[in-house]
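Read the structure below first, then the notes.
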Amino acid sequence: MNLSDSWTPGQQPIVRTSASEAVFHALRSSIEAQEIPLGAKLGSEASLASDYGVSRSVVREALRSCAAMGLTRTETGRGTFVVSHRPTRTLMLGGYSSEDLHEARPHIEIPAAELAAVRRTHYDLERLAGLVEQMEQEDDAATWVELDAAFHAAIAAASSNSVFDRVVTDIREAMSRQSGTVNRVSGRRDPSNQEHHAILAAIESKDAAAAGTAMRAHLDTVQNAVAASNRSTS
């Protein structure tokens with residue numbers, strides 16, 4: 001196959017509901033079934049969006065998940081190419097791996113949640129409550145992921161510890177990519193909403209121990225979902 005040729009799906013547009021999940025699963029299925037040869041170039045975001053009947057942002061999120069699972073690689077100025085018919089065992093999330101996040105986040109976000117419970121202001125509490133409410137009402141997967149990252153960043157900010165605040169800001173994109181990929185693979189939004197509620201309730205009550213426990217439980221379930229998604233690809 002000429003690498004300059006672009007593969008397109010040649011199928012009916014996907015229904016808008018859960019669009020990013022649907023596009024991701026459609027691309028993943030085609031790649032794993034070897035319907036797309038190794039080295040093949042996928043269509044542009046615009047052409048794939050047109051073929052699937054979705055927006056370019058939906059396609060972009062689906063492609064990020066394919067890249068995170070090691071199925072594709074996007075080269076600036078050239079396009080996105082299929083590099084494997086089987087996902088890797090570790091999600092790659094931009095400059096970090098899922099293992100990097102798993103090892104680091106408990107040492108950052110658990111103490112940040114504990115400090116937030118003690119130091120949070122009325123403004124911090126309003127911000128966190130507003131984000132939790134928005135996540136519960138949000139149907140768009142990509143928007144939910146951004147709200148999720150904002151919630152974790154807001155907890156770090158509420159800790160009034162500039163190191164925690166800066167570190168969470170630095171890893172925010174990787175966290176978003178992990179959240180988006182895990183949601184598309186295993187549907188984590190509703191459980192996450194409940195876990196966020198528990199964290200918020202502890203911070204609202206100024207219960208540092210409960211806030212740390214709730215954050216630990218949340219991070220553990222996220223890691224379990226990552227591990228499950230890895231098992232489903234092996």
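The values are calculated or read from the model by the stated rules, or taken from the named source; none is laboratory data. What you see is a predicted model; the values in this text were computed from it and never measured. Cβ placement follows ideal geometry from the backbone for every residue including glycine, while neighbour counts extend to all protein chains displayed.
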**Request:** Search segment 80-121 for residues being in a strand (DSSP E or B) and over 21 Å from Ala33 (Cβ atoms), and hand back the single one that is nearest to the chain's Cα centre (by Cα).
**Result:** Leu93
**Request:** Determine which single condition Ser44 fails, assuming it passes every other condition in (1) of a type in the set (S, T, N, Q); (2) touching a strand residue (DSSP E or B) at 6+ places or on another chain (Cβ under 8 Å); (3) within 24 Å of Val182 (Cβ to Cβ).
**Result:** (3)
**Prompt:** Can you find a residue in segment 197-220 that is in contact with a Phe, Trp or Tyr (Cβ under 9 Å, 6 or more places away or on another chain) and modelled with pLDDT of 95 or more?
**Reply:** yes
**Request:** Answer yes or no as to whether Ser18 is among the small types (Gly, Ala, Ser), under 20 Å from the mean Cα position of the chain (by Cα), at positive phi and modelled with pLDDT under 90.
**Result:** yes
